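The values are calculated or read from the model by the stated rules, or taken from the named source; none is laboratory data. On a predicted model such as this, the values are computed, not experimentally measured, just so you know. Note that we place each Cβ from the backbone using ideal geometry, even for glycine, and neighbour counts take in every protein chain shown.
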Amino acid sequence: MFPKASYPLTPEQIEASLKDRLEPTVVLHGGEIAAYANLYGHDGDSCWLGNVIVAESHRGKGAARYLVETMEGLAKNRLGVRRLQLVCHNTNTRGILFYRKMGYRPFDISPRRKPSGEYIAGIHMEKLL
């Protein structure tokens, strides 16, 4: 999910994260929420993909690919973005490998803190659209 959230994610946590977010997007499959993401930090030619969440029951079934491709399209076509960036945490090996397969490349690492106070590494990745 994202470091400031705790599992299980609540509507209040999502609402709080939307204050500075753009294009909040939900993917539905069979009337069930399969995935969610948004964009932030738009500065003209780039922005960040954030709060990427895929329901456990929809992992490995194409929901993440569909979501990320949709968000790339929104960033490029609605916001005029040429470069999409994201942060994937070192504890999310599956996510890091997924983003690599989608064409994202690492360019930086930053320290992050989970609500528990535990440090994790945020791996910054980017893709030219």
What are the pairs with Cβ atoms under 8 angstrom where one residue, in the range 104-120, is surrounded by 12 or more Cβ atoms within 10 Å (Cβ to Cβ) and the other, located anywhere, is of a type in the set (Asp, Glu)? Sequence gap at least six, or different chains. Tyr104/Glu126
Scanning the range 51-67 for residues that are modelled with pLDDT of 95 or more and within 13 Å of Glu23 (Cβ to Cβ) gives Leu67
Just one of the numbered conditions (1) free of Cβ contacts under 8 Å to residues at least 40 places away in the same chain; (2) within 22 Å of Ser46 (Cα to Cα); (3) surrounded by fewer than 17 Cβ atoms within 10 Å (Cβ to Cβ) is not true of Ile123; which one? (3)
Just to be sure before I move on: is Leu84 surrounded by fewer than 16 Cβ atoms within 10 Å (Cβ to Cβ) and part of a strand (DSSP E or B) in the structure I sent? no
Kindly list the number of the only condition in (1) in contact with a Cys (Cβ under 9 Å, 6 or more places away or on another chain); (2) surrounded by 19 or more Cβ atoms within 10 Å (Cβ to Cβ) that fails for Asn51. (1)
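Taking the stated definitions as given, is Tyr99 over 23 Å from Ala16 (Cα atoms), in contact with a helix residue (DSSP H, G or I) (Cβ under 9 Å, 6 or more places away or on another chain) and modelled with pLDDT of 95 or more?
On the way: over 23 Å from Ala16 (Cα atoms): yes; in contact with a helix residue (DSSP H, G or I) (Cβ under 9 Å, 6 or more places away or on another chain): yes; modelled with pLDDT of 95 or more: yes.
Yes.
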